[in-house]
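Every number in this text was worked out from the coordinates using simple rules, so none of it is lab data. Just so it is clear, the structure is predicted and the values come from calculations on it, not from any experiment. Cβ sites come from the backbone with ideal geometry, for glycine too, and all protein chains shown count toward neighbours.
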Amino acid sequence: MNVIKRSCSQGILGTLKTRQKGFTLIEILVTLFILAVGLLGLAGLLFEGMRNNQGAYLRTQASILAYDMADRMRANSAPAQNGDYGPFSTAKVQSVTLPSCVGTTTGCSPADRVTADQMEWTQQVQGTGSDMAMLPGGEGTIAYDSTTGIYTVTVQWDEGSRGGDAGEDIVGDNSYTVNFSL
């Protein structure tokens, strides 16, 4: 009886050992599929992160440009308080020519400084006169409300739309506005 048990148990173990040779092709394919789906998800996260970083960069550039114009107005406050800086739009500027007083040792009069500030700002917003625009498709506007004395400086740019939570486009994400008074 001892002999029969041994031979039966050795026979079963022998067949089990021959059946278990390693992973099957199906197990390897399932593993590769799961790994591929995970890597695609990671690539999607990286792409979305890069797109959000680019949007943040453009918003930063727009805020720099808007506050630059506000600082120019504060530095030339007498004409700015009269509303001489607005309304103005960089989109309506056909050719950017600076007044002749720019770059001279005598400097500009306050009225010429307004024109110089607007043309220099237009160059920065549109990227004319340099190798690269700060904003793609940049456009700036200046509005002045004479009743309240408040200036509104708005900078807009072209940016691919980004999706929201339910796939809707985020509206107004390519515009930056500063309101201030002198």
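Ratio of Rg to Rh for segment 23-164: 1.30 [Cα atoms; Kirkwood radius as inverse mean 1/r over pairs]. A simple packing score, the average count of other Cβ atoms within 10 Å per residue, orders the peptides 116-128, 141-153, 36-48 as 116-128, 141-153, 36-48, with the highest score first. For segment 26-106, the set of trypsin sites (Lys or Arg not before Pro) satisfying both a DSSP loop assignment and a count of at most 10 other C-beta atoms within 10 Å is empty.
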